[in-house]
1. What shape does the range 27-86 have by the C-alpha gyration tensor, where a ≥ b ≥ c are the square roots of the eigenvalues, rounded means a/c under 1.5, and otherwise prolate means a/b greater than b/c and oblate the rest?
2. Given only helices, namely DSSP H runs of n ≥ 4 each adding -39500 (n - 2.57), what is the per-residue ellipticity at 222 nm of the chain, to the nearest 500 deg cm²/dmol?
3. Report the Cα centroid-to-centroid distance between the range 1-62 and the range 210-225 in angstrom, as an integer.
4. As a test question: what accessible area, to the nearest 10 Å², does C53 have when a 1.4 Å probe is rolled over all protein chains in place?
5. How high is the FRET efficiency from E185 to A241, r the C-beta distance, R0 30 Å, rounded to 0.05?
6. Quick one: net charge around E191, please, counting Lys, Arg +1 and Asp, Glu -1 for every other residue with C-beta under 15 Å from its C-beta.
7. I need the trypsin sites (Lys or Arg not before Pro) found in the range 38-109, filtered to DSSP loop residues with at most 14 other beta carbons within 10 Å of theirs.
8. Under a 10 Å cutoff between Cα atoms, tell me which one of A75, A91, A169 has the largest fluctuation in the Gaussian network model of the chain.
Amino acid sequence: MSELSFHRLAGPPGTCVLAVAGEADSDTAPALAIALDAALCGSPAPETLIVDCSALRFCECAGLNELLRARHTAAGADVGFALAGLSPQVARLLDLTGTCAVFEVLAKAPSAMGKSRAQARPTAVPRPSTAPAPTGMAVQVAELAAEAERQTATGRWDLSTASTALARATATQLAGFVGPLDIQEALPGIERLERLREALAVVAIGTARTHGQLAWFLARANIALTPVLRWRALTADREHAFGTVVPTPQEFTDAENAVRHLQSVLARSTTHGFAALQPVRRSL
């Protein structure tokens, strides 16, 4: 059985540093949730919560969802939130799920020395200039997926066999329109936009063909992707463009990451939840 342990580290004033060690999977995710909630609700409440992941050997979607949930809770309470010391496996999980843009990431957790209370909020590790700047779509889909997985964990995600089949069929179609990052970036803008519009149409059709939870889930995903409808790939003057804009390469990548994450979640749909994300297990 998987094991996960927690302990507090001394951090700068106003900062709670929670060190997580072991494996964050479906067995240990409830313990992770309790530890994160306790850290956020401490007395006095922290200005910033930093989760030190340097000893986190493995993390799957159940663990990631608890980190996303804690980040959302922290934001609602105006508490800073960051991850520190990511292992290669955890970093790859964030990349595969399109959630790397959601979190602030530190190379390592700060020590108690050398920082004042005013400096307690984490500063993200500078990313290479080629890294896409988040414009919101991937973040919204990642948080939507986290909510669906929370419903799974509490037994509230309940799809019919037909809805499950539709979810998986939708995932297959989405995978045909948005491929790996290097392939997408090599395409001309007009083709990237065509593929994104087709992906948006697939989600809309899926919404129309089902009811209940899956329909609501797809509708929310469709709303997250609506900026795509305001994009164009060809030059035009104001009069003929109907208010559309040419997206930046970063915006293209953000939308494609959102589709990739949506595809991954739908592909794992079952009548009672989601199958575990397999490609990032210990073989990494």
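The values are calculated or read from the model by the stated rules, or taken from the named source; none is laboratory data. Quick caveat, the model's predicted, so the values are computed rather than measured. A quick note on method: Cβ atoms are made from the backbone with ideal geometry, for glycine too, and the neighbour counts reach across all protein chains shown. The accessibility values were calculated without ligands, DNA or RNA, using every heavy atom of the protein model including side chains. Shrake-Rupley method; radii C 1.70, N 1.55, O 1.52, S 1.80 Å.
1. In terms of gyration-tensor shape, prolate.
2. Numbers: 10 runs with 131 residues, N = 284.
Rounded to the nearest 500, it is -14500 deg cm²/dmol.
3. For the range 1-62 versus the range 210-225, the Cα centre distance is 32 Å.
4. 0 Å²
5. With a Förster radius of 30 Å, E is 0.75.
6. With Lys, Arg at +1 and Asp, Glu at -1, the neighbours total -1.
7. In loop regions of the range 38-109 (DSSP not H, G, I, E or B), the sparsely surrounded trypsin sites (Lys or Arg not before Pro) are K108.
8. Checking each option, the largest mean-square fluctuation is seen for A75.
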